[in-house]
1. Starting from residues that are within 19 Å of Tyr695 (Cβ to Cβ) and at pLDDT 95 or above, keep the ones in the stretch 600-620 and report whichever is least open to solvent (accessible area, probe 1.4 Å).
2. What residue, among those in the stretch 840-855 that are open to solvent by less than 80 Å² (accessible area, probe 1.4 Å) and part of a loop (DSSP other than H, G, I, E, B), is farthest from Phe799 (Cα to Cα)?
3. Limited to the stretch 35-51, what total is found for residues that are touching a residue at least 24 places away in the same chain (Cβ under 8 Å), of a type outside the set (A, V, I, L, M) and under 13 Å from Pro132 (Cα atoms)?
4. Identify all residues within the stretch 809-826 that are open to solvent by 40 Å² or more (accessible area, probe 1.4 Å), not in a loop (DSSP other than H, G, I, E, B) and not basic (Lys, Arg); write none if there are none.
5. Quick check on Val709: is it closer than 18 Å to Ser729 by Cα, among the β-branched types (Val, Ile, Thr) and open to solvent by 30 Å² or more (accessible area, probe 1.4 Å)?
6. Restricting to the stretch 713-761, give me the number of residues that are assigned to a loop (DSSP other than H, G, I, E, B) and either free of Cβ contacts under 8 Å to residues at least 24 places away in the same chain or open to solvent by 50 Å² or more (accessible area, probe 1.4 Å) (or both).
7. Within the stretch 910-926, how many residues turn out to be under 18 Å from Leu946 (Cβ atoms) and not in a loop (DSSP other than H, G, I, E, B)?
8. Given (1) at pLDDT below 90; (2) under 29 Å from the mean Cα position of the chain (by Cα); (3) in a loop (DSSP other than H, G, I, E, B), identify the lone condition not met by Gly141.
Amino acid sequence: MKTSKHAPTQAVSVAIGTPPQNLDLFPGGYFASRIHGSALCPASGACDARNSGLYNPNTSSTVVTTTATGPENVNITFQDNTNIFGVNSSLFFDNLKLLSSDQDVSEEFVPGFDMEIVTAGYNVLPSGRTYPLQVGVLALGTQDANQSWPRVGLPNFNGTYLPSSLFEQGLVPSNSYGLHIGSSSLEIPGSLWIGGYDQTRIVGPVTAQAYGFMSLPIDLLDISIGTAVGNSPFSFPSKSGLLAEGNATIGPFLNVEVNVEVQYMYFPKSTCDAIASNLPVSFRADLGLYIWNTSSPQYETIISSPAFLGFTFRLNDSVSQNLTINVPFALLNLTLTSPIVDTPIQYFPCRPVLDFRVYSLGKAFLQAAFVGVTWQTDNNGVWFLAQAPGPNTPSITGAVVTPIQPSDRFVVPSNNDWIDTWKNTWKPIGTEVVNVNTSNTTSVQSTPQPSQSVSQALSVGAIAGIITAAFASICFLCIGIYFLRKRSVDKNAANKPDESDILHYKEFESHYSSLYNGKNTAGFGPREMDSGLQRTEMEAVDRPGPRPRGTVRARVLERALAVDPMTLQWSSKIYGPDGPWQAVEVGIGTPPQIVDLFPGGIYNSIVYGSALCTTVCDAQVAGLYNSQVSSTAFNNPESPSSTNISFGSSIQGVDMASVFDTLTVTPTGPNAKIASFDMEVWNAGFNVLPGGLKYGLQIGNLALGSPDVNQTWYRTGLPSINGTLLTSSLFAQGLVPSNSFGLHIGSVSLGIPGSLYVGGYDQTRVVGPVTAQAYSLDFSLDMLDISIDTAVGDSPFSFPSKSGLLPEGNSLGSALTVRVDPAAAYLSLPQSACDAITSNLPVIFKPDFGLYLWNTSDPQYQRIISSPAFLGFTFRMNSSVTQNVTINVPFSLLNLTLEPPIVSSPTFYFPCAPSNGTVFTLGRAFLQAAFMGVSWETNRDGVWFLGQAPGPNTPSRAGAVITAIQPTDRFIIPSTNSWIATWNTTWKPIGSNVVNANTTTIPQSNSPSSSPTAAPTLSTGAIAGGTVAGIAVITLIILGVFFFLRRRKRASSVVATAPSGFRLTRVGNNEAGIINDKTAAGFGPREMEGGNTIDGHRLGYPSELESTTTRGAEMDGAGLYNDGRNSAHAAEVDGKGTQRALYTRRFKHYIASLTHAKLLFNLRRRFLSAIVFTRNKRPRRSELLSKLQAPSINIHRHNTPRTYRLTHSRTKQSHGPGTKNNHLTPNTHIRRPGHMNRNRERLNQNPLIKPHALRKLIAETPPDSEILD
């Protein structure tokens, strides 16, 4: 097994080019694979990279390059944790082929494989010392099916990726993979499957979450030290809290990326130090790593014991459940070798991150973790993380290979016990007592409940009565089902179809036999018919002759394709000087100029121009826009610039002009563009404080739509200019579900990431009831009161709670109209309201700032801001006069900071800004704890939403539950998360943890509520009676469900069905079926109920009618490559890579469009049993019809997906020095799992099986295995 210089690390073997050139690559990465070219090594002499293989494009006859990929990259630095510098590279495309165990090249290949060929480069240590590159990287796909490169005068060229290409060719069940890299030193073989996974590589619960752009992010909640069995080798049994130890800025979680491409575990220095302080290690700054002190007696005790490092993550983006993955210290005893060091050194793989790089868990962590991804399409897939087993793992031939289907959102683990996979390796200390939940069962955080008393034991009579009642209920249920089934049989017999149904089917089959195209319908095994399918509207057509009930001719209506909400990219920069605040990042102009903007405002966005700064100024941090360097910028000559404009007393001296240019919504990722975006470009202006102090402008704002779909600017004698707006333009382009947005700005200081979606919202950002009301030219609603309360524990004030703060000292009436504005910063309230609130706080009003400053030397200050105390804002709910909703803003969010140039040094302030005007505003300070959204609709008839937002224990952006807002929606649905649960890791409650506040903000009515009283203890008779009643109720429910399903099944037989995701369009005299949705294609027929046989042969549908493909000039994810073995129909290529063709794909889909179960049965007997279906020969329609009366013939079927596993290298060369080379057994071969229920001798007689790929499998398969037919 090949290794690296950091540790014995396993690689996979592939072949590239024609003739094939064998290379070993580390699995990992996205988009283009990083391949070492032959120019990386001199023609003679030693070169580390030569051990893993080099690729020479000049010797391949199938290589493709294009000038559209740009000039060769020269002296590039990879700005990530790979520490690679001085890279020269170019893009090439060639055939990628898989290798079998004996290094033979398989027949299957990936054409046009996208590669970045590296011809120069080196690694750099923290000390500055360099060493050569070792092994390249095999990318494991991406959210895009391929990458299209334009060529001058030629069709686009589509660079392909490994999993998506194999899926498009129909060779694997889905665009997915499952990976466990294993360990060479402990002889845990690696496992990598495309289209599925080895179930034995998962030994506990699995967390599934959305992937990010070129990342697999997840929230890490804590790191702990524990011992699985026996006594601890440390001075403590276990220790937690290591993640945030010594670093108060980390918060309740740390967002990390799982990255197979990098080597170590990359954490804050404080985290690595907290872990290492418990180990016999010392930090080497020149290496950036911790070195084991192998002379310490504790070293051998720790690495040989069952002690582990536990990593606790958020489970499935939940705020109340988590998952822990244990990495034994035996796996964290890795080896550095030459040329990094002169002699081998054992090291602990935690590398402190001291700069801008992300926090990552690399190969060191993944020795003990399973990772998988189902890429799906349209970025809607998920990725999986789970505990992997230890050395006592089934060999590769014992893998339980399980497919991942395109619609799968979870994977199923094995039943193996994690400790059992390690028991032959560890040396427990003391008695072997299990100390941890080794199944990694989900931990659930719940509010403490009162203790319950032990119930009284039931008497013998009560138990007998319960059993008797249960038995009677079951008998009653069975009798009812019997009579219902008997009645159903009688009705079906009366409705048996006549011969005209058979003739009608012939007509139907001849008309639709060529409908269904695309590899995705090929079907990779049996699957329930209703999986991924939905009924579509049909049209009944009369035909001559009798027709039993339910028989219809069908017309499939075109199904509207759903689009998802679009997220905006949040900037990594932090803004003040009265925050800290978060901003979004956009690109303006052509080429895009990156500018950060606060989200908020309507109609025009405010963008600061390059003329605002003549030298250095604060606005440069966010980015300045220069219309002179954009090729798509223009303005309206009849709308001259405005000069010296004032916006109230706080912003003055503004010079601005209306400019229209292209907006790129997410400039560093998948993007959408908005032409003629409407902007006010400010080229002069300044802020003014109440005391007269002037300071520079900081950052503009991105308007989030308006009541109008655009803004029209009239010109004399010329067409009007329509300035476009963000939300309405994306909706008009069909990129989002509606003209709407959902926003939670979050908090920088408490680590709550911002969330902004156009066309929808993140459901996890709403944790209580939502009020919806009409908008005008702002977002106004009635505020009824302001109160102070405490969510959990005792109050930090001299009172438990206080209300009436809004009208205190002022006759405001029953309500105060306020507007919610994310473009504003403070809580702009009447002076009396600010004074009433602050009279309870250790703050001092500063007229020069117009704000209240916290007295940080007062002991009450820290007590308040760290407690669960909050400021409650009560509003009228849905404009009701009887119901209201309260938004709670914890005081920890109201501890904001003034910075230069407002003050000379950072100063904490309370953001209530007294106003003597008539307009009162709740700005960003309030919106840290509140969700707001708007459905603009049209004709100004939309609504806007306000709800409680969560606290710091919120799923990161990658864990968002993205929910669309449809154009007709008048309300949105909140999550079921508890508001307190999102804060319980941040607050420090005072006294007992008793919930005091209505933390779910349930609408309050005007009627008083009574306090609950203790429930009386139930008697034995009551328990018995309740149990009997419960059984009776359950029986009735089961009967009700049975009747409901029966009724629905009967109704479904009246309407013909067709697979969801199909559109039938007329092409001449034929009809072509277009698959719009891979997940809806069905993936295989189901067998009819019952064990029907004819002449001893079991009836079943063929798994594949034909395996024909077409190869066009290009492929964009829908095009399919022909390997020369399959016949191809005439196809048309439209220049975009879309191929239109007529295929005879699957019998399943038009069978599914028939109308009656009994008709299907008769057709099956008389039609299907007469035909032999082969892979590479498509029977003609006339040939099919002529065989209706032929004798029955056994049908050979592929019953399960063909999942490919990449082969591990067996060569003995080292990728670099290491302590051990781990060679896999000869059973490391390409393998097609499946139901192997045929005789082994039939393999050599079946021309449809590729002999070299499967004969070796059969020779190495145990006798009780099944052979794929």
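The values are calculated or read from the model by the stated rules, or taken from the named source; none is laboratory data. All values reported here derive from a predicted model rather than from experimental measurement. Neighbour counts run over all protein chains shown; Cβ positions are idealised from the backbone, glycine included. Heavy atoms of the whole protein, side chains included, go into the accessibility calculation; ligands, DNA and RNA do not. Shrake-Rupley method; radii C 1.70, N 1.55, O 1.52, S 1.80 Å.
1. Restricting to residues being within 19 Å of Tyr695 (Cβ to Cβ) and at pLDDT 95 or above, the top hit is Gly609.
2. Phe849
3. Final tally of qualifying residues: 4.
4. Thr817 - this is the single residue of the stretch 809-826 that is open to solvent by 40 Å² or more (accessible area, probe 1.4 Å), not in a loop (DSSP other than H, G, I, E, B) and not basic (Lys, Arg).
5. Yes.
6. Residues meeting the conditions: 5.
7. Residues meeting the conditions: 5.
8. (1) is the only condition that Gly141 fails.
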